[in-house]
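Here is the structure we will look at, set down as structure tokens.
The values are calculated or read from the model by the stated rules, or taken from the named source; none is laboratory data. Just so it is clear, the structure is predicted and the values come from calculations on it, not from any experiment. Ideal geometry is used to build each Cβ from the backbone, glycine not excepted, and the neighbour counts take in all protein chains shown. Just so you know, the surface numbers come from the protein's heavy atoms only, side chains and all, with ligands and any DNA or RNA stripped out. Shrake-Rupley method; radii C 1.70, N 1.55, O 1.52, S 1.80 Å.
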Amino acid sequence: MKQTLRDHFEFFRQFRQRFETTGAVMPSSRFLARALTKPLRELAAPRRILEVGPGTGAVTREIVRQIREGDTFDLVEINPEFANLLRERFENDADYHHARDVAEIHVCPLQEFTPAEPYDVIVSGLPFNNFPAALVEELLDHSLGLLKPGGTLSFFEYMFVRPVRRRIAKPSEKTRLTEIERILGERFGRHRFQTDWVFVNVPPAWAQHLRVDSTV
């Protein structure tokens with residue numbers, strides 16, 4: 001309980017300081033974490049796993065529960081404070097110790113991350129609705145490009161956020177949100193195979209699942 005309260009406090013503090021890259025006022029619920037990691041549960045080890053934007057580790061904890069012998073687990077986090085929290089977790093939390101030797105935290109923007117091998121599963125916590133449309137396109141395509149054929153990318157969106165924000169936004173913001181909608185729609189049309197509705201989250205969210213069948 002003490003750790004959960006600490007995580008929520010740190011998440012809120014970082015939200016206030018870095019809204020553009022944090023994008024939420026609360027960590028993801030365990031129900032959303034379970035939805036985002038569904039493709040991982042359906043895949044036998046050994047697996048190459050990447051988590052992007054883990055924050056305080058709400059989804060990381062669920063991924064760690066599923067780590068099996070032979071797995072590789074990379075985490076890319078742009079916020080150094082969150083990265084330090086995650087390092088502490090792997091070092092001091094007994095529930096993380098079995099994954100400590102296969103996990104590596106990289107503090108850098110995703111688009112600068114160039115691993116030696118592609119991934120079977122990518123789970124992303126990036127707040128796309130906060131970014132410029134061109135950056136959303138770059139991040140999505142870079143993520144899809146990091147997958148093996150048949151690999152999956154899972155990320156969440158808060159339900160109905162873009163339509164609501166478009167109705168009250170200034171013209172420049174409406175243009176940005178409309179362009180993000182177009183970019184996501186194109187990738188959904190080519191790659192999405194499932195959407196999970198998660199109502200037990202603040203706010204409620206969709207878990208979007210995309211698959212790369214051959215080439216992006």
Specify the residue that is farthest from the chain's Cα centre (by Cα); the eligible residues are those in segment 76-108 that are among the acidic types (D, E) and open to solvent by less than 60 Å² (accessible area, probe 1.4 Å).
D93
Just one of the numbered conditions (1) open to solvent by less than 30 Å² (accessible area, probe 1.4 Å); (2) of a type in the set (V, I, T); (3) over 16 Å from the mean Cα position of the chain (by Cα) is not true of T114; which one?
(1)
Among the residues of segment 23-42, what is the count of those that are modelled with pLDDT of 95 or more, part of a loop (DSSP other than H, G, I, E, B) and crowded, with 18+ Cβ neighbours inside 10 Å?
1
